[in-house]
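In what follows, a structure is listed as structure tokens, so that the remarks can point back to it.
The values are calculated or read from the model by the stated rules, or taken from the named source; none is laboratory data. Predicted model, so just to flag it, every value in this text is computed and none were measured. With ideal geometry, Cβ positions are generated from the backbone for all residues, glycine too; neighbour counts draw on all protein chains shown.
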Amino acid sequence: MKKHEIIGLFVLMIISTIYSLNLPEAEVKQITSNPQIKIVVEGKYNQTLTFDKAPTVEAVFKQLNIKNIYGFDDKTVLPTRTVFYIPEGENLISLNKATKEQLMTIKGIGVKTADKIIEYRQKTPFCTIEDITKISGIGQKTYLRIRGLLCL
């Protein structure tokens, strides 16, 4: 290689190193100066809410200006981009209190799945309706189909 090619590569390497070190810092300043946590509320109240910090369930209900009659744990913190489903309707089935027979009235929930739900809630109560997807055998499609029948 010629001398001027080596010098050119060296200068290019220095410039790219300086640029790569400065770029993340500028992005971090922008992110920390304007944090916005977005929570998508679906179901009875279809809205996107914006918060300055990760909100609790209580803060979501406060911003919606409604009471938490659904059994959600008010102290649960919701991370950004959470889809928070608030059921609409009557005669909802409680994930944390329903009997095995009540759970089995939901189409697609049989004996084994009802047992798994009861076993799960004995260890860790459901904090959101979406937590039911943590039960093996209940995927996203099933959750979307049955979420309107459930509360906590």
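Key figures for this structure:
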{"read-out": "Number of the exception - residue 137 against (1) more than 16 Å from residue 94 (Cα to Cα); (2) part of a helix (DSSP H, G or I)", "value": "(2)"}
{"read-out": "Candidate set: the range 1-60, residues that are modelled with pLDDT of 75 or more and small (Gly, Ala, Ser); chosen: the one farthest from residue 92 (Cα to Cα)", "value": "8"}
{"read-out": "Qualifying residue in the range 61-74 (condition: under 22 Å from residue 135 (Cβ atoms), in a strand (DSSP E or B) and not charged (D, E, K, R))", "value": "no"}
{"read-out": "Flag for residue 112 being free of Cβ contacts under 8 Å to residues at least 24 places away in the same chain, assigned to a helix (DSSP H, G or I) and basic (Lys, Arg)", "value": "no"}
{"read-out": "Residues within the range 84-137 that are in contact with a Gly (Cβ under 8 Å, 6 or more places away or on another chain), exposed (fewer than 12 other Cβ atoms within 10 Å of the Cβ) and farther than 26 Å from residue 45 by Cα, tallied", "value": "1"}
